[in-house]
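Everything below concerns the one structure shown next.
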Amino acid sequence: ATSRPPRVSDQPSSATTDVRPLAAALHEEAALRAALFEATTECVVLLEPDGRLVAVNAAGCALLRAPREAALVGRAWATLWDDEGRRVAHAALERALAGGVARFQARCVALDGAAHRVDVTLSPIRGDDGRVVRLLLVARD
């Protein structure tokens, strides 16, 4: 006798869960996180471990005189500092990658070339395995 493949019912079984409430909750959580990121008047930047910008809030775009976030995303953060600031920023990046919180002051160079001194805190963001997966930069002028 030939065996037939199992038949899948067109009706959901009692074990099927409606994922719509979960999707709505995840969407609401993402919206809340985005609102928190934008709520501060301080420059907030999310960095990859290699120092590339992943996200920049509106205050950061204003500080860096970027017309929009896309003008900054993917840029190496080392390009945002003058020569002296680049050395200090590199040391801070190394400290944060090692798991520490780094704080420094340096001259930031905006996209239009204007430079101004900022106070920066760079903190590691760890993944579930404890490794540093991103860095959070908060700058105040």
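The values are calculated or read from the model by the stated rules, or taken from the named source; none is laboratory data. In this text, all values refer to a predicted model and were calculated from it rather than measured experimentally. Using ideal geometry, Cβ is built from the backbone for each residue, glycine included, and neighbour counts are taken over all protein chains shown. Surface accessibility is based on the protein's heavy atoms, side chains included, excluding ligands, DNA and RNA. Shrake-Rupley method; radii C 1.70, N 1.55, O 1.52, S 1.80 Å.
The rows are residues; the columns are (1) more than 24 Å from residue 38 (Cβ to Cβ); (2) acidic (Asp, Glu).
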residue: 75; (1), (2): no, no
residue: 83; (1), (2): yes, yes
residue: 105; (1), (2): yes, no
residue: 116; (1), (2): no, no
residue: 122; (1), (2): no, no
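Among the numbered conditions (1) under 16 Å from residue 48 (Cα atoms); (2) outside any helix (DSSP H, G or I); (3) open to solvent by 20 Å² or more (accessible area, probe 1.4 Å), tell me where residue 122 comes up short.
Among (1) under 16 Å from residue 48 (Cα atoms); (2) outside any helix (DSSP H, G or I); (3) open to solvent by 20 Å² or more (accessible area, probe 1.4 Å), residue 122 violates only (3).
Would you kindly identify the strands (runs of 3 or more DSSP E) lying entirely within the range 28-115 that contain at least 3 residues that are open to solvent by 60 Å² or more (accessible area, probe 1.4 Å) and either modelled with pLDDT of 95 or more or not aliphatic (A, V, I, L, M) (or both)?
102-109
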